[in-house]
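Right, one structure below, let's go through it.
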Amino acid sequence: MKKVWLMIAASMLMACASGEETEQVHVMAAASLSDALGDIEEMYEEEEHVELIMNYGSSGQLRQQIVQGAPVDVFISAAESDMEMLVDRGEVSETTSLLRNRLQLISTPEMEIADWSNLMTVDFQGLAVGHPESVPAGKYAAQVLENMNLHTELEDEFVYGQDVRQVLTYVETGNADVGIVYQTDALSTEDVQSVALAPEDSHEPIVYPIGLIGDVSERAEHFYDWVQTDEPLHIFESYGFEIGVQHD
C-alpha cells in the first residue's frame, strides 16, 4: 500500500509541475526603454504569471537579430525606420505607434555650457553620440548637428556608443564631456547636467513603434495589447516618455 501511495504522490507532483509551466513572451526593446520596461515587466509578470524574456539594445542591432532568426514575439523600436524594414520583409503582423521622446544635449556637471551653440565656443573633450547607422539616437543627433551646421566642425570629437545608454555612461563617467541622448535618459541620472533640448523641427520625430513579430501566440498578443493600456502607459509617462497614440 505504501508503494501505491508513493506512486500516486509522484504522479500528482509531476502533474503539478507540468501544470505550473510558466508561459514566456520574448520582448526586444530599445535600450532607452530599459528602466520603464523593468517596472512594467515586474507588474505584468505578477499580474499574469508570465515570464517576459527581455533583450535590450540599439534598435538597429535588434532588427538585425530579428532578421537572423533570434527568438522574439514583440519588438519596441526607437525608430520607425527599423520597424518599417521588418514590415517590408513580412516579419511584422501588427504595429502601432506607442511612445514619443525628445533629444537632449547633456554634459558633465562641471561643464559651463548653456546651449547647443556653446559647442563651438567652450573647450571640451569628447562628444558622445550613438552610431548613426544602428542607433536611432545617433541618427537623430546627426540630423540636429547637420541642421545647426555643427556636424563637420565637431565630428573629430565624436565618441561613438553602441546604444544610447552607453552614450549616457560615457558622460556619467567623464569619458566624454558632452553627449546627445534622449530626454528620458537624461532624467534617469543625477550624474549629468541637462543642457538643452533639440528643437523638434531639427530632426525626424522620435517615435517608438511596437510590433508583433512572426507567428503570434495569444500570450504575445495579450502583452502587445496590455502594454498600450492606461497603467503601463502611466509608467512610461513617469519616466518622461510622451504617449504616441490616443487612448480613451
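The GNM of the chain, with springs linking C-alpha atoms under 10 angstrom apart, assigns the highest mean-square fluctuation among Tyr160, Tyr182, Tyr208 to Tyr160. Using the Karplus relation 6.51 cos²θ - 1.76 cosθ + 1.60 with θ = phi - 60°, the per-residue 3J(HN,Hα) values for the range 223-240 come to 5, 4, 6, 5, 5, 9, 8, 4, 5, x, 5, 5, 5, 4, 4, 5, 9, x Hz, with x marking Gly and Pro. Take the Cα of Glu133, go 7 Å toward its beta carbon, and the backbone nitrogen atoms of the range 34-74 under 19 Å from that spot belong to 57-68. Each Cα pair under 8 Å and six or more residues apart adds its separation to the average, and for the range 116-180 the resulting relative contact order is 45 percent. Comparing Arg89, Arg100, Arg219 in a Gaussian network model of the chain, where Cα atoms under 10 Å apart are tied by springs, the biggest mean-square fluctuation is seen for Arg89.
Between Asp39 and Arg100, the distance separating the two model label sites (each 7 Å from Cα on the Cα→Cβ line) works out to 2.1 nm. Entry note, the chain: the mean residue ellipticity at 222 nm calculated from DSSP H runs of n ≥ 4, each adding -39500 (n - 2.57), is -11500 deg cm²/dmol after division by the residues and rounding to the nearest 500. Length gained on full extension, Glu242 to Asn55, computed as 0.36 nm times the residue gap minus the Cα-Cα distance: 65.1 nm. Can you bin the range 103-202 into rounded, prolate or oblate? Criterion: square roots of the alpha carbon gyration tensor eigenvalues sorted a ≥ b ≥ c, rounded for a/c under 1.5, prolate for a/b above b/c, oblate for the rest. Rounded shape, in that the Cα axes give a/c under 1.5.
Extension gain, Thr121-Gln68: 0.36 nm per intervening residue step, less the Cα-Cα distance, totals 14.6 nm.
Since every read-out is calculated from the coordinates, none of them should be taken as a lab result. Bear in mind that the values here come from a model prediction, so they are computed numbers and not experimental data. Neighbour counts are summed over all protein chains in view; Cβ atoms, including those assigned to glycine, are modelled from backbone coordinates with ideal geometry.
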